[in-house]
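Okay, so here's the structure we're looking at.
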Amino acid sequence: MRSCLSASKNWRRRSESTKSSSGRRRQLVPDIEPDAEPITFAMQCAVCEQTGGRTEEQAGARSWATGHLKANPEHFTYRELITRPCRFEPGEWL
Ligand SMILES: [Zn+2]
């Protein structure tokens, strides 16, 4: 979890900020509310572009890559696709 949190922190630092019509900045941040969509993981083969199923468990996504490598012994490179829910939240007054 630590790497996930620190990634969120870095992400927040360079997050988008926009001015709303109410005179208040709005900032796009990771959605960590209890009702937020879950973070999901999937692996994609960089050789043939085939993608495993999306799952909330990173290990589950990686096991697809292991199976794909067994079936395709020359497919060594993969992309980890992480879907993180985001939301605009009110920021400082202008
Ligand atoms: Zn492949």
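Laboratory data are not the source of any read-out in this text; all were calculated from the coordinates shown. Remember, predicted model here, so these are calculated numbers, not experimental data. Glycine also receives a Cβ, built like all others from the backbone with ideal geometry; neighbour counts cover every protein chain displayed.
Listing for the model above:
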{"quantity": "Contour excess over end-to-end distance, with Cα ends at residue 39 and residue 57 and 0.36 nm allotted per residue", "calculated": "5.6 nm"}
{"quantity": "Rounded to whole Hz, the Karplus (6.51, -1.76, 1.60) HN-Hα couplings of region 77-94, x for glycine and proline", "calculated": "10, 9, 10, 8, 9, 10, 9, 10, x, 9, 8, 7, 10, x, x, 5, 6, 9"}
{"quantity": "Amide H contacts under 5 Å for residue 91, placed H, 5+ residues apart", "calculated": "25, 26, 27"}
{"quantity": "Full-extension gain in nm, residue 74 to residue 28, via 0.36 nm per residue minus C-alpha separation", "calculated": "12.6 nm"}
{"quantity": "Chymotrypsin sites (Phe, Trp or Tyr not before Pro) lying in DSSP loop within region 17-94, provided at most 15 other Cβ fall within 10 Å", "calculated": "76"}
